[in-house]
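> This is the structure, below, for whatever I ask next.
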Amino acid sequence: MGLLTPDLPPYDAIAWSKLPFAERGRLACESWAIQGYGSPIGVYLVYALKVVGYIAGWMYFCRFTPGMGELATFSSWWLQPVAFCKAILWSLLFEIVGLGCGSGPLTGRYWPPIGGILYFLRRGTTKLPVFPGLPIIGGMRRSVLDVALYGITLGLLVRALVSPEIGSSQVAPVVVAVALLGVLDKTLFLAARGEHYWTTLVCVWLATDWVPGAKAVALALWFWAGVSKLNAHFPTVVCVMTSNSPLLRFEWLRRRMYRHYPDDLRPSHLAEHMAHAGAALEFAVPLVLAFSSGGPSLVLGIVLMLLLHGYITSNVPMGVPIEWNFMVVYGGFALFWAHPDASVLEVGPWPIALLLVVALVALPLLGNLRPHALSFLLSMRYYAGNWAYGIWLIRGEAYRKLARLTKSAPWVYDQLDRFYPRPVSVALVSKVMAFRLMHLHGRALPLLVAKAVDNYEDYEHIDGEIIAGLVLGWNFGDGHIHSEQLLTAVQAQCRFDPGEVRCIFVEAQPMASDKQRWRIHDAATGLLASGELSVREMQTRQPWSDRA
């Protein structure tokens with residue numbers, strides 16, 4: 001692996017692309033276990049520079065407040081309430097433009113490296129309205145209204161960021177605009193990390209003292225993230241992350257993540273212990289910080305927080321929520337360290353308390369019990385491996401019909417061909433298949449692919465994340481945004497013939513249930529089959545195998 005040269009798998013990628021599913025899956029997973037995605041070192045340097053730019057942008061906007069923004073006086077202003085508010089506003093702007101989560105090659109977005117503004121400010125691009133079919137607000141393609149509201153929202157965010165103070169007059173228009181954007185296209189609310197940034201801004205706007213409410217949001221993020229890891233999926237996440245870590249490049253360690261490489265790629269006892277420790281740490285952070293009013297317990301809570309997010313960030317997880325992790329850590333200091341006496345029990349007035357109960361308790365609980373009903377982001381089920389996902393199987397040259405869509409990104413191999421020969425492009429995309437199979441939920445695919453198509457070798461196997469990036473301009477692990485609603489919108493514009501596109505949609509595992517639901521659709525004819533699979537039974541299988 002070099003600065004710009006990827007670490008290629010030990011198989012001929014073109015020959016690999018013609019193999020049966022099981023053989024493709026086995027080779028790709030064996031390669032992932034030792035090599036991970038194989039991204040060049042230069043890719044990680046770009047992400048590191050992006051974080052520097054993110055922090056520099058926040059400091060720049062802080063300079064519009066007298067006495068703030070200078071590096072020389074950093075210690076005197078970085079924990080000020082206005083600095084925190086500007087960090088939230090800047091993070092929202094950063095994400096909604098497309099620079100944060102879901103950007104760059106580690107999310108299957110090669111060229112251009114962002115979607116975001118290239119789609120959201122372009123008329124005719126595909127969107128996912130909350131109320132599809134309704135006049136004016138329910139169209140599947142972005143209208144002048146959508147583009148204008150998005151542009152206005154960007155302007156409102158910049159207006160707030162260049163203001164000397166942050167109050168209701170700066171925050172209220174942003175809160176309203178982002179909510180309206182979410183109605184017109186739910187993708188935008190998710191891309192803005194609405195469950196975190198929007199909810200916090202509502203507290204800043206309406207709460208008597210917004211610090212307790214902002215603390216409640218932060219505590220909920222950690223707590224529900226811990227809850228989401230109380231299942232059999234998380235050990236596979238530990239395996240996948242460790243195999244892909246840019247720092248833990250030790251083959252002996254990567255081998256130890258699995259029971260017996262290469263024959264048995266289920267999580268080893270070491271991976272399971274690491275998963276339990278990670279879940280315990282995710283619970284420990286909010287429990288310690290929630291009940292600390294200063295002193296050693298507060299120091300302990302901050303140290304635990306740094307360990308948690310330091311480990312996550314150092315692994316550079318797929319989806320790259322790097323800036324978001326920095327914002328969460330900064331919030332830990334700006335809220336808990338700077339205001340140790342502020343209690344979440346002091347949230348008020350009562351409408352704000354009620355809103356937070358809904359956003360921070362009811363919705364995450366609903367999303368864990370009925371994951372098909374809610375995005376994993378609104379459910380706060382962060383990087384637990386238990387996600388909804390989709391696989392799009394596109395026959396032959398039918399992918400060329402996607403050119404009928406208004407979009408800024410070309411077909412995935414055409415993106416990579418700008419940088420590498422076609423065999424290298426195919427090799428890199430093969431790792432996306434491995435990423436999906438290596439997670440526990442991916443073990444449904446050996447059974448479902450056979451139900452979806454008769455001749456697998458005739459189809460291009462494309463993860464729904466890549467399709468969402470191409471079509472919507474944003475993807476971040478939420479299988480709901482590339483399921484039936486997107487398929488309907490794509491089919492209306494591309495008009496695939498029966499059998500040309502088959503989609504497999506697998507839902508997340510509900511809490512207190514052993515089942516994961518699945519559906520298979522044909523783009524032209526609709527639902528072909530549906531059913532459930534036992535998660536416990538999937539644990540007995542290898543990622544590529546349809547047998548226990």
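Just so it is clear, none of the values below were taken in a lab; they were calculated from the coordinates. All figures in this text were calculated on a predicted structure; none of them were measured in a lab. Note that each Cβ is placed from the backbone with ideal geometry, even for glycine, and that neighbours are counted across all protein chains shown.
> Once every DSSP H run of n ≥ 4 in the chain is given -39500 (n - 2.57) and the sum is divided by its residues, what mean residue ellipticity at 222 nm do you get, rounded to the nearest 500 deg cm²/dmol?
-15000 deg cm²/dmol
> Let me ask something else. Kindly express, to the nearest 10 degrees and within the range 0 to 90, the angle between helix 81-97's C-alpha long axis and the longest C-alpha principal axis of the chain.
Between helix and principal axis, roughly 30 degrees.
> Continuing with this model, one more query. Would you grab the residues whose amide H sits under 5 Å from the one on R266? Only those 5+ places off in sequence or on another chain, please, with H modelled 1.01 Å from N.
R259, H260
> Sticking with the crude label model, points 7 Å out along Cα→Cβ, report the distance from R123 to K18 in nm, one decimal please.
According to this spin-label approximation, the distance is 4.7 nm.
> Which FRET efficiency value, to the nearest 0.05, is calculated for L365 and L79 with the Förster distance at 30 angstrom and r the Cβ-Cβ distance?
0.40
> I've got another one for you. Please report, in whole Å, how far the alpha carbons of the range 476-548 spread along each principal axis, starting with the longest.
Ordered largest first, the range 476-548 gives principal extents of 41, 25, 21 Å.
> First select every other residue whose beta carbon is under 14 angstrom from the beta carbon of F131; then total the charges, Lys and Arg +1, Asp and Glu -1. Write down the numbers at each step before the final one.
Details: positive: K127, K186; negative: D146, D185.
Surrounding charge for F131 is 0.
> Moving on. Long-range amide H contacts for D7: which residues qualify at under 5 Å (H placed 1.01 Å from N, peptide plane, sequence gap of 5 or more or a different chain)?
For D7, the qualifying residues are S39.
> Show me the ranking of peptides 38-46, 246-254 by mean Cβ neighbours inside 10 Å, starting with the highest.
Packing order, densest peptide first, comes out as 38-46, 246-254.
> Oh, and also: Whole-Hz Karplus ³J(HN,Hα) for the range 266-271, in order, using 6.51 cos²θ - 1.76 cosθ + 1.60 and θ = phi - 60°, x for Gly and Pro?
7, x, 7, 4, 4, 4
> Give, as ranges by residue number, the residues of the range 462-496 whose backbone N falls under 13 Å from the point 7 Å along Cα→Cβ of R404.
488-496
> Need the C-alpha centroid separation for the range 243-267 versus the range 67-138, integer Å.
35 Å
> So for each of 115-124, 276-285, 462-471 I average, over its residues, the number of other beta carbons within 10 Å; can you give me the resulting order with the highest mean first?
By packing density, highest mean first, the sequence is 462-471, 115-124, 276-285.
> On a 0 to 90° scale, report how tilted helix 21-35 is relative to the longest principal axis of the chain, with both axes built from alpha carbons and the result rounded to the nearest 10.
Computed tilt is about 50 degrees.
> What does the charge add up to near R541, with Lys and Arg as +1, Asp and Glu as -1, over the other residues with Cβ less than 14 Å from its Cβ?
Cβ neighbours under 14 Å give a net charge of +2.
> Considering the values (i) 64, 54, 46; (ii) 102, 55, 52; (iii) 75, 70, 63, which represents Cα extents along the principal axes in Å as calculated for the structure under consideration?
Matching entry in (i) 64, 54, 46; (ii) 102, 55, 52; (iii) 75, 70, 63: (i).
> Calculate the FRET efficiency for T525 and V358 from the Cβ-Cβ distance with a Förster distance of 51 Å, rounded to the nearest 0.05. Display every interim value, and only then the final one.
Values: r = 39 Å, r/R0 = 0.77.
FRET efficiency, T525 to V358: 0.85.
> For the chain, take the longest principal axis of its alpha carbons; what is the angle in degrees between that and the long axis of helix 322-331, to the nearest 10 within 0 to 90?
30 degrees
> Also: Give me the one-decimal nm value for the distance between modelled label points at L180 and W111, 7 Å along each residue's Cα-to-Cβ direction.
Placing both labels 7 Å beyond Cα along the Cβ direction yields 3.8 nm.
> Follow-up question, since we're still on this one. What fraction, in whole percent, of alpha-carbon pairs in the range 418-525 exceed 18 Å separation?
The proportion of pairs with Cα distances above 18 Å equals 55 percent.
> What is the magnitude of the charge dipole of the chain about its Cα centre, with +1 placed on the Cβ of each Lys and Arg, -1 on the Cβ of each Asp and Glu, and no other charges, expressed in debye to the nearest 20?
520 debye
> Lys and Arg at +1, Asp and Glu at -1: add these up for the other residues within a Cβ distance under 13 Å of F234 and post the number.
0
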